[in-house]
Protein chains: 2
Amino acid sequence: MKPIKAAIIGAGNVAWHLSQALENAGYPICEVYSRTAAHAVELAERMYGATVNPDLDFSESEARLFFLTIKDDALEQVASQISFPPDSIVVHTSGSKSLEELRQSVFFDTVNTGVFYPLQTFSKSKKVDFSTVPICIEACNEEVEHILVEIGQSISQIVYVVNSDERRVLHVAAVFACNFTNHLFALSKDILEKENLEFELLKPLIWETVEKALQADHPANVQTGPAKRNDQKIIDQQINYLENNPEAQTIYQLLTESILARKLAE
Amino acid sequence: MKPIKAAIIGAGNVAWHLSQALENAGYPICEVYSRTAAHAVELAERMYGATVNPDLDFSESEARLFFLTIKDDALEQVASQISFPPDSIVVHTSGSKSLEELRQSVFFDTVNTGVFYPLQTFSKSKKVDFSTVPICIEACNEEVEHILVEIGQSISQIVYVVNSDERRVLHVAAVFACNFTNHLFALSKDILEKENLEFELLKPLIWETVEKALQADHPANVQTGPAKRNDQKIIDQQINYLENNPEAQTIYQLLTESILARKLAE
């Protein structure tokens, strides 16, 4: 059987890592498109035999798989401008966009649609081990789902079939566990910097905390700290200390109340 | 030179790991005390030649170093009941208690005081590599500080001299970076569980987020997510989704505002 060839639309961080993983797994990238031509050239040069498509006309393309790795805002507009060859599959790689939004913006009846969402944060400068990146698959029908799951499994050990509603919930949960966590690290570093203390000192504790939380049956089971102990003396002291940092103080109070509420509900 | 012998007062998680690290570094534990005798026996049995002291009379002890590894609430009361041998050094291992609080509760003029605070979270069931645990030292005078730094360096690569005020700031920062982070993981898992989605799916993303945050010059430099992009459409969608979870919703709003405020201040 001839390998399915793929085209990548968009040349950002996801495209950068995903295209290489696909090629390594036996899905050659034959065409690349980016609004910024230089990015398309740069990406195509990393592939074995990819050419740059100057526009969105893929009607004569050898590719049967189209990965839309573009920003959410631009997704529908770009998708509606692509000319696909017959019997191709087009997927987006977004955590927030539904399958339906893609389906409605593709103007070809013969095109199959799907979602191929790698649940990871990518930077061009940092190598990613794709085999540990969960891939969330959704498809317009079972046959396409089967193909996408197979592709997913060829690049990652962790492949889930997740519908659009579930993917939206995953995204909310990821905002708590990742984006907000990162912000707490930033606030913590600010607090230390004001007193010329090094954030370095906290790093072993942070690693251990994360390791424990992710090993536990539930992170709540390994919760520690003044709020969990209901140590009102320390809590008051710390709220007092944050007097000149009202933003951090409000966050301290709210998260402390939330930990206490869970403790009392146990 | 004969090795300095040590006694451990308290037999909890810190005692469990610290006593072994001290022995391995050449500071034999000769005596152990715990309010719960069985715990003292259990700890003493892990040591090469430790005996259990049934009370707090150490006036005839060979130990010259006393580690008080007991809960903050009980620290002063226990310290005030100990009979020390002459020229000994007593340290507590608490992040929140000041050196002065210890000094005032020790009723012996010839006893030196200090703090030996390992900035890590300990569980008996999980082995800790003490060489990567930051040790925060404080002492009543330079000579004692020198001795404690030397002991610290014999068990860890990371030893800092940190006064009581600085230690208090460290503690506040640790609450943000560790206790609150753990709680966000718990909220995240709750959100997924309601929809029968596995927390497992987020773990690779969490690891990558933490790795990036701790490698960056400042975690704020690698902040991602809807708040950082000021993607009001997704923010509103997500706040809406949390309608039936007012606690998580309020936390979402506050942390989103805080990330936005930092973005605008940049």
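Values as computed for the structure displayed
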item: Single residue of the range A:137-170 satisfying the filter (polar (S, T, N, Q) and within 14 Å of another protein chain (Cβ to nearest Cβ)) that is surrounded by the most Cβ atoms within 10 Å (Cβ to Cβ); result: A:156
item: For residue A:181: the one exception among (1) touching a helix residue (DSSP H, G or I) at 6+ places or on another chain (Cβ under 8 Å); (2) among the hydroxyl-bearing types (Ser, Thr, Tyr); (3) part of a helix (DSSP H, G or I); (4) surrounded by fewer than 23 Cβ atoms within 10 Å (Cβ to Cβ); result: (4)
item: Test: residue in the range B:200-220 that is of a type outside the set (Ser, Thr, Tyr), touching a residue at least 24 places away in the same chain (Cβ under 8 Å), within 17 Å of residue A:251 (Cβ to Cβ) and at the interface with chain A (Cβ under 7 Å from one of its Cβ atoms); result: yes
item: Selected residue [open to solvent by less than 30 Å² (accessible area, probe 1.4 Å) and more than 14 Å from every other protein chain (Cβ to nearest Cβ)] from A:122, A:116, A:107; result: A:116
item: Which numbered condition residue B:79 misses (of (1) out of contact with any helix residue (DSSP H, G or I) (no Cβ under 7 Å at 6 or more places or on another chain); (2) farther than 13 Å from residue B:15 by Cβ; (3) not polar (S, T, N, Q)); result: (1)
item: Filter result (buried (at least 17 other Cβ atoms within 10 Å of the Cβ) and farther than 20 Å from residue B:119 by Cα) within the range B:7-26; result: B:7
item: Out of A:89, A:4, sole residue that is more than 14 Å from every other protein chain (Cβ to nearest Cβ) and open to solvent by less than 20 Å² (accessible area, probe 1.4 Å); result: A:89
item: Flag if residue A:175 is within 8 Å of another protein chain (Cβ to nearest Cβ), under 14 Å from the mean Cα position of the chain (by Cα), more than 21 Å from residue B:169 (Cβ to Cβ) and buried (at least 23 other Cβ atoms within 10 Å of the Cβ); result: yes
item: Residue count, the range A:184-203 (criterion: out of contact with any helix residue (DSSP H, G or I) (no Cβ under 7 Å at 6 or more places or on another chain) and among the basic types (Lys, Arg)); result: 1
item: Unmet criterion (only one of (1) closer than 20 Å to residue A:218 by Cβ; (2) open to solvent by 10 Å² or more (accessible area, probe 1.4 Å); (3) in contact (Cβ under 8 Å) with a residue 12 or more places away in the chain) for residue B:197; result: (3)
item: Residues satisfying the stated conditions in the range A:28-73, i.e. hydroxyl-bearing (Ser, Thr, Tyr), surrounded by fewer than 18 Cβ atoms within 10 Å (Cβ to Cβ) and assigned to a loop (DSSP other than H, G, I, E, B); result: A:36, A:48, A:59
item: Cβ-Cβ under 7 Å pairs, at least 6 apart or on other chains, the range B:245-266 side facing chain A (nearest Cβ under 10 Å) and closer than 22 Å to residue B:220 by Cα, far side aromatic (Phe, Trp, Tyr) and part of a helix (DSSP H, G or I); result: B:255/A:180
item: Out of B:116, B:107, B:130, sole residue that is at pLDDT 95 or above and of a type in the set (Phe, Trp, Tyr); result: B:116
item: Residue in the range A:203-223 that is farthest from the chain's Cα centre (by Cα), counting only those that are open to solvent by 70 Å² or more (accessible area, probe 1.4 Å) and not charged (D, E, K, R); result: A:221
item: Filtered residues of the range A:203-229 (kept if under 16 Å from residue A:241 (Cβ atoms) and in contact with a Cys (Cβ under 8 Å, 6 or more places away or on another chain)); result: A:225
item: All positions within the range A:13-62 that are among the aromatic types (Phe, Trp, Tyr), within 24 Å of residue A:77 (Cβ to Cβ) and at pLDDT 95 or above; result: A:33, A:58
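Yes/no per residue for (1) in contact (Cβ under 8 Å) with a residue 12 or more places away in the chain; (2) closer than 22 Å to residue B:121 by Cα:
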position: B:16; (1), (2): yes, yes
position: B:22; (1), (2): yes, yes
position: B:26; (1), (2): yes, no
position: B:34; (1), (2): yes, yes
position: B:41; (1), (2): no, no
position: B:45; (1), (2): no, no
position: B:49; (1), (2): yes, no
position: B:54; (1), (2): yes, no
position: B:58; (1), (2): yes, no
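The values are calculated or read from the model by the stated rules, or taken from the named source; none is laboratory data. In this text, all values refer to a predicted model and were calculated from it rather than measured experimentally. A quick note on method: Cβ atoms are made from the backbone with ideal geometry, for glycine too, and the neighbour counts reach across all protein chains shown. These area figures cover heavy atoms from the full protein model, side chains too; ligands, DNA and RNA do not enter into them. Shrake-Rupley method; radii C 1.70, N 1.55, O 1.52, S 1.80 Å.
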